[in-house]
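Participant: To start, I am sharing the structure in question, which I have written as structure tokens.
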Amino acid sequence: MYCVCREHVELAIDKFVDEYEDAPDLVSLETTAFSAWTPPEHCEWCGNKAEVLVV
């Protein structure tokens, strides 16, 4: 699972496919609320706002 900015979505997809050998689902962190989990505010690879959950 990766929380990334739009700029790093492709990198996160590639890493996910390499690790799990399956296509991930992409979830917008701007339009989705989670009841039991708070997503990180920043991208895993840079300081930009995390906008997409790759899972």
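The values are calculated or read from the model by the stated rules, or taken from the named source; none is laboratory data. Owing to the predicted nature of the structure, the values given are computational and were not obtained by experimental measurement. For neighbour counting, all protein chains shown are included, and Cβ atoms are generated from backbone atoms with ideal geometry for every residue, glycine included. Side chains included, ligands, DNA and RNA excluded: accessible areas come from the protein's heavy atoms. Shrake-Rupley method; radii C 1.70, N 1.55, O 1.52, S 1.80 Å.
Participant: Check each of the chymotrypsin sites (Phe, Trp or Tyr not before Pro) in the range 1-52 and keep only those in coil by DSSP with at most 10 other C-beta atoms within 10 angstrom; list them in order.
Facilitator: Of the chymotrypsin sites (Phe, Trp or Tyr not before Pro), the ones in loops of the range 1-52 whose Cβ has at most 10 other Cβ atoms within 10 Å are Phe34, Trp37.
Participant: Taking the chain as the reference, fit the longest principal axis to its C-alpha atoms, fit the long axis of helix 9-20 to the helix C-alpha atoms, and give the angle between the two in degrees, 0 to 90, nearest 10.
Facilitator: Computed tilt is about 60 degrees.
Participant: Heavy-atom accessible area per residue, the range 1-54, 1.4 Å probe: how many Å²?
Facilitator: Spelled out: the 1.4 Å probe surface of the range 1-54, per residue, equals 70 Å².
Participant: Quick one: pull the percent of accessible area on the chain belonging to carbon and sulfur, 1.4 Å probe, ligands and nucleic acids left out.
Facilitator: About 48 percent, which is the carbon plus sulfur part of the accessible surface.
Participant: Further question on the same structure: Counting each DSSP H run of 4 or more residues in the chain as -39500 (n - 2.57), what helix-only mean residue ellipticity at 222 nm follows after dividing by all residues, to the nearest 500 deg cm²/dmol?
Facilitator: Calculated mean residue ellipticity at 222 nm is -7000 deg cm²/dmol.
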